Structures are given as C-alpha cells and as structure tokens.
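Worksheet for the structure shown next.
The values are calculated or read from the model by the stated rules, or taken from the named source; none is laboratory data. What you are looking at is a predicted structure, and each value in this text was computed from that prediction instead of being measured. All Cβ positions, even for glycine, are placed from backbone atoms using ideal geometry, and neighbour counts span all protein chains on display. Ligands, DNA and RNA are excluded from the accessible area calculation, which covers all protein heavy atoms including side chains. Shrake-Rupley method; radii C 1.70, N 1.55, O 1.52, S 1.80 Å.
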Amino acid sequence: MARGGPKLHHQRRQELGQSFQDGGEHYDRVRPGYPADSADWLIPAGARDAADLGAGTGKFTALLVQRGLRTVAVDPSPDMLEQLRLALPGVTAVEGTAEHTGLASEAFDLVTVAQAWHWCDPLLASTEAARILRPHGVLGLIWNQLDTSIPWVHRLSRIMHAGDVHKPHFRPPLGPEFTGLESHLTRWEDPVTTQDIMELAKSRSYYLRAGEATRAKVLGNLDWYLHEHLGHSDGQVLPLPYLTQSWRATRA
C-alpha cells in the first residue's frame, strides 16, 4: 500500500483523472481506438441496451453503436462529451461518473468502462454498475496498453511514462455484486507516424500534470529515441504494437 493509506491513493487518482477534463479534441485525435473483437467478446447474446461509463470522446462507444446497441455514454468531462456528440450524434451523452451515473435502475444489458476503471473507486463503481444492469447483465472492462513484451516498445513506454501497463497477473478489482470474471487478450498494431507518438505522449496523465521543464525533457527524450536511436525518419509510419485486455463479469 502506498504511504499515506487508501485515502491518499484515492485523492491522487482523482487528481490525475482531472487532467483529462480538457483537451477532448487532442485526445480524440491521438489516442488509438479499440479492436472490434474486444466488443464482440464482451457483448452478451441478445443485448439491446448498453451504458459506456467514462466514455471520453467515444472511442469504445462507437463499437457498441456499430453493433446495434442503444447506447448511453457517461463522462464527467463536458469537453470530452462535446467531441463524442460530434462523432456520434445519435448517442445520448450525459455528464456523470462511474460511481454516480444518474441513469435508471435495471435499464441496461451491458455496462462498459474502457480505459477508465483505474480512475474509479472500484467498489462504488461496481455497486452503481450493478444497480443500472438488468439481472444477469454484464460488466465489461477494457484497457489498451502498449505491448511491452517487445523490447523497443518497453523502452518507449518508460520514456513516455505510460503508467497503464499492467503486470502479468493483473485482475481488475470488483465489488461482490459481480461473479465469473473472465479475460480476453487481443494483439494488434496501430499504424502511426513518429509525430503521432510524440502527440500520444502529450495525452498521458504524467505529461498533462507535469511542468514545462519535465514536458520538454519527455519530448526531447522521445525525439532522440525515435529519430536517432531507432533511426526512424520524421513522419515515417511504423506499426505500434498494442495489447487490448478485455474483462467481463456477470451481475450476481
């Protein structure tokens, strides 16, 4: 446990999460989407209604909509939701959090949280997800992370301070309302330029919370690593390897 106990940990998580309140256009432009099979695996048979919590700019929401689900998107950031409404005008988008969605009870067959569960209080968010799910509904948790099993990507993640790379035996914490936790792994590649990677680093919570000197150091190290050490030319397209971890559990 971190020094200062769980209260300090919760406060720190909230502070870092606040760094995503603005910059929705930049986040939407530089962050990767999600592989289709992560949604296919999560969606239960016969599902009609979904709630995407911590939806951000709608990267995962779009997959739910494409599969014919009536989808409500929830996020605490008006700036993120503005981008979501532009991209997905047919989606109901409301301000709220995973702990307090403001949505109706037992209204959904699927609740998803993509790239955001680590910003939540998992016990409160579990209770809220169970409240808005129908009996035997599914909670789906999704994370994109750089594939650090590849040496050059591992070093890249260290330079970028990509803190969302999970340890091998990671299991997301859930409340007692859910049972039967299962996982699914997708390996894929995102074609990006070296400039895209520089911009991706700017969307990380570490960079967003850092001072100007630290930001300059991160970008300088990335420029050296990509263009001098690895020898890529400016603007060259390269496949950036990702892992997408999907988890699902059923409302008990």
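Under a 5 Å amide H to amide H cut-off, with H placed in plane at 1.01 Å, what residues pair with residue 114 once short-range neighbours are removed?
Placed amide hydrogens put 53, 142 under 5 Å from residue 114.
Any idea which of 250, 198, 186 is furthest toward the positive side of the dipole for the chain, if Lys and Arg beta-carbons carry +1 and Asp and Glu beta-carbons -1?
The Cα lying farthest towards the positive end belongs to 250.
Considering only the chain, what is the antiparallel percent among its DSSP beta bridges, to the nearest 5?
Of those bridges, close to 55 percent are antiparallel.
Return the carbon/sulfur percentage of the accessible area of the chain, one whole number, probe 1.4 Å, all protein chains in place.
Answer for the chain is 53 percent, counting heavy atoms of protein chains only.
Could you please state, rounded to a whole Å, how far the C-alpha centre of segment 230-252 is from the C-alpha centre of segment 206-227?
That distance is 20 Å.
Quick check for you: with a 1.4 Å probe and neighbouring chains kept, what is the accessible area per residue of segment 141-215, in Å²?
53
Mind checking the alpha-carbon convex hull of the chain and giving the volume per residue in Å³?
Cα convex hull per residue, to the nearest whole number: 128 Å³.
Which whole-percent values make up P(r) of segment 118-252 when all C-alpha to C-alpha distances are grouped in 5 Å steps starting at zero?
Binned Cα distances yield the sequence 2, 9, 17, 18, 14, 12, 11, 8, 6, 3, 1, 0.
With unit charges on the beta carbon (Lys/Arg positive, Asp/Glu negative), name the residue among 172, 80, 157 whose Cα is farthest towards the positive pole of the charge dipole of the chain.
Of the options given, the answer is 172.
Please report the Cα spread of segment 42-162 along all three principal axes, rounded to whole Å, starting with the longest.
45, 31, 27 Å, listed from the longest principal axis down.
Please identify, among 93, 107, 50, the residue showing maximal mean-square fluctuation in a Gaussian network model of the chain using a 10 angstrom Cα cutoff.
Checking each option, the largest mean-square fluctuation is seen for 107.
Let's see if you can work this out: charge +1 on each Lys and Arg Cβ, -1 on each Asp and Glu Cβ, no other charges. What is the dipole magnitude of the chain about its Cα centre, in debye to the nearest 20?
660
Assign unit charges at the C-beta atoms only (+1 for Lys and Arg, -1 for Asp and Glu), then state the dipole size of segment 198-252 relative to its Cα centre in Debye, rounded to the nearest 20.
540
With a cap of 14 neighbouring Cβ atoms within 10 Å, and only residues DSSP puts in a loop, list the chymotrypsin sites (Phe, Trp or Tyr not before Pro) found in segment 149-222.
Answer by residue number: 170.
State the answer as a single residue: which of 39, 90, 145 lies farthest towards the positive end of the charge dipole of segment 28-178, with beta carbon charges of +1 for Lys and Arg and -1 for Asp and Glu, about the Cα centre.
Positive-most Cα among the choices belongs to 145.
From Cα pairs below 8 angstrom and at least 6 apart in sequence, can you work out the relative contact order of the chain, rounded to a whole percent?
This gives 22 percent for the chain.
Taking the Cα centre of segment 154-237 as origin and charging only Cβ (+1 Lys, Arg; -1 Asp, Glu), how large is the dipole, in debye to the nearest 20?
Computed charge dipole of segment 154-237: roughly 380 debye.
Calculate for the chain the 222 nm mean residue ellipticity that helices alone would give, adding -39,500 (n - 2.57) per DSSP H run of length 4 or more and normalising by residue count, nearest 500 deg cm²/dmol.
Roughly -10000 deg cm²/dmol at 222 nm, from the helical runs in the chain.
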